[in-house]
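Asks: Encoded as structure tokens, here's the structure I'll be asking about.
The values are calculated or read from the model by the stated rules, or taken from the named source; none is laboratory data. Owing to the predicted nature of the structure, the values given are computational and were not obtained by experimental measurement. Virtual Cβ from ideal backbone geometry, glycine too; neighbours counted across all protein chains shown. With ligands, DNA and RNA removed, areas are computed over all heavy atoms of the protein, side chains included. Shrake-Rupley method; radii C 1.70, N 1.55, O 1.52, S 1.80 Å.
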Amino acid sequence: MTLYSSLIRPLLFRLDPETAHNVAIEILSWGWPAAFVAVDTSAAEPVELWNLKFRNRLGIAAGLDKNAVAIDAWYRLGFGFCELGTITAHAQPGNPKPRITRLVEAEALINRMGFPNDGASAIADRLDGDAGRRARKSFPVGINIGKSKITPIESATEDYLNAFKALHDDGDYFVVNVSSPNTPGLRDLQDPVRLTEILHALHHYNVTRGTKPVLVKLAPDIDTRDLGELLEAIINAGVDGIVATNTTLDHGKYAGRAEGGLSGRPLRNRSDEMIRFISEETSGRLPIIGVGGVLTRDDYARKLDAGAMLVQVYTGFVYRGPELIQEILG
Ligand SMILES: Cc1cc2nc3c(=O)[nH]c(=O)nc-3n(C[C@H](O)[C@H](O)[C@H](O)COP(=O)(O)O)c2cc1C
């Protein structure tokens, strides 16, 4: 039994899921508490990608640190990188609460957060401050951007571009999130024509400012035929990688428990299949960040085996805390 499973998790799980999340992030944002549960990951092999040095392949997934307040803690805990956000051009409160449900027996979560965040310019200010700059130096920091809820879908390109411009200097790589199920119409942007328009706009700005790697995060619910076409558009647009996958709307035997995207153990196989498909379809030319249902070392190994270069965790970290990092990298 570790400190997390014997003490911290039982306390957190007495709270409703979002309060538990907020308490954990608040404590992690102080930085130093991470030292009590820090993991020695020095045995893990480093990897270089997009001209960035990753001390290991394990990172935190988007959604855990939406407002970029705990970067230092992610580093101290042993992660090789972190992905902040989703951040939108406009600050927004997200969907009405409650909006996260725990399915403890399934080691899963269902969420319909809807991108609550402080907005791109406030978060850019935070990342430009002394503490933000110091933390960002320690390891690669990705920034995941999404469409603001108030922006109509026809103006999505401009909205993504505004978030990208505001944060361009503050991230080491960027992820265009067109796959959250909790912003109406967002997944419609996984259409080759619409996505190409967004990617071209970002590319134009990118080349004028010193190019940063741009990735696209996809849903696990795209059927294989559409995915082939979409990948072609993504490659043609010069994208640097794919994050696969976001949460699923296919709740299987957990249907009816809550509305929103399902993550954790029930997502693992679908996510692995999608990573394998993308890797084969692109002949391994497009680096993949694999995410979805990593709760053990074996789950992590399966992601790499399917073709992922890097791996992220969200739900696994909620259920297993730092012992998951220890098991994978220790
Ligand atoms: C509560 C919650 C909030 C999330 N918020 C975001 C988000 O803002 N942006 C995003 O791209 N993905 C978000 N995700 C999806 C995760 O980044 C990840 O893709 C998904 O949960 C699958 O990984 P997991 O099974 O390890 O959780 C969220 C997931 C959860 C559970």
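Asks: So which residues in segment 194-221 are of a type in the set (Ser, Thr, Tyr) and assigned to a helix (DSSP H, G or I)?
Replies: Result: Thr196, Tyr205, Thr208.
Asks: Another question, then. Consider only pairs whose beta carbons are under 7 Å apart and that are at least six residues apart or on different chains; among these, list those whose first residue lies in segment 248-275 and is over 14 Å from Ala106 (Cβ atoms) and whose second residue is acidic (Asp, Glu).
Replies: Filtered contacts from segment 248-275: Leu249/Asp221.
Asks: Looking only at segment 189-216, how many residues end up being among the charged types (D, E, K, R) and over 14 Å from Phe164 (Cβ atoms)?
Replies: Residues meeting the conditions: 2.
Asks: I'd like to verify a number: residues in segment 47-99 that are more than 12 Å from the ligand (Cβ to nearest atom), among the acidic types (Asp, Glu) and modelled with pLDDT of 95 or more, how many?
Replies: Looking only at that region, the number is 1.
Asks: Taking Ile235, is it within 22 Å of Phe115 (Cβ to Cβ) and of a type in the set (Val, Ile, Thr)?
Replies: When the stated conditions are applied, Ile235 does not pass them.
Asks: While we're here: So, in segment 100-123, of the ones that are more than 10 Å from the ligand (Cβ to nearest atom) and open to solvent by 50 Å² or more (accessible area, probe 1.4 Å), which residue ends up farthest from Thr248 (Cα to Cα)?
Replies: Per the criteria, the residue is Ser121.
Asks: Now a separate question. Arg133 is checked against (1) touching a Pro at 6+ places or on another chain (Cβ under 9 Å); (2) free of Cβ contacts under 8 Å to residues at least 24 places away in the same chain and fails just one. What number does that condition carry?
Replies: The single condition Arg133 does not satisfy is (1).
Asks: Next question, about the same structure. Which residues, counting only those in segment 124-183, are within 21 Å of Ile60 (Cα to Cα), away from the ligand (no atom under 16 Å from the Cβ) and of a type outside the set (D, E, K, R)?
Replies: Scanning segment 124-183 gives Ala124, Leu127, Ala131, Gly132, Ala135, Ser138, Phe139, Pro140, His168.
Asks: Another question, if that's okay. When you scan segment 207-243, how many residues do you find that are in contact with a His (Cβ under 8 Å, 6 or more places away or on another chain) and not charged (D, E, K, R)?
Replies: 3
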